[in-house]
Amino acid sequence: MRIAAHNLTFNYADHPVLREISFGVESGTFFGIIGPNGSGKTTLLKLLSRVLFPGSGLVELGERTLNSFSQNELAKVMAVEAQDANVGYLFSVEEVNRLVLEGVPFRDAYKKVGLDIEAGQFVPDKNVQHTHEGSIGNLCNDEICAYRNQIMSQFGFEQMESAIQDLLK
């Protein structure tokens, strides 16, 4: 699936970072983004993965604009692996759960993982083991989404949701 940027522009506050960037990359092609620190490489990747939104221009994935994908649709065709090793802390819940299941008291497990993260010694197991509704591994699970929608429908947010969807068009 081809990804293409068309006239992407992005500013952080009043500081322009990217101006009218355009390119396309075909599926199966290796592509490098090279430049000095602060030149906008990471910002460009965030725009291409919809972490940030351009001030102007658009990103296409296949025949569709990136903004036309729902979060679930996008997750089925695109994944981003962060280069920052510090994202391991996101998996610290798994480690705390593992230690507790091994008999370590919760406070001690929580403290150990926190100290390991702080010392830069935490090495996460990135395989998600637990499956309760709030787990990292199930945020887009169809069953969880249906359950969430059922709960949310009881609050009568349809008018607000409709207004939000209109804004996102």
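Bear in mind these aren't lab numbers, they're just calculated from the coordinates by the rules spelled out. Note that the structure is predicted; figures quoted are calculated from it, not measured. Note: ideal-geometry Cβ built from the backbone for every residue, glycine included; neighbour counts use all protein chains shown.
Between MET1 and VAL80, what is 0.36 nm times their sequence separation minus the Cα-Cα distance? Round to one decimal in nm. The partial results should precede the final answer.
Details: separation 79, 0.36 × 79 = 28.44 nm, distance 1.52 nm.
Net length gain for the segment: 26.9 nm.
By the scheme Lys and Arg +1, Asp and Glu -1, what is the net charge of all other residues having a beta-carbon under 14 Å from that of HIS6?
Numbers: positive: ARG2, ARG19, ARG64; negative: GLU20, GLU60, GLU63.
Surrounding charge for HIS6 is 0.
Give the peptides 58-70, 34-46 in descending order of average Cβ contacts within 10 Å, highest first. Write out the running numbers ahead of the final one.
Working: 58-70: 15.1, 34-46: 13.4.
Packing order, densest peptide first, comes out as 58-70, 34-46.
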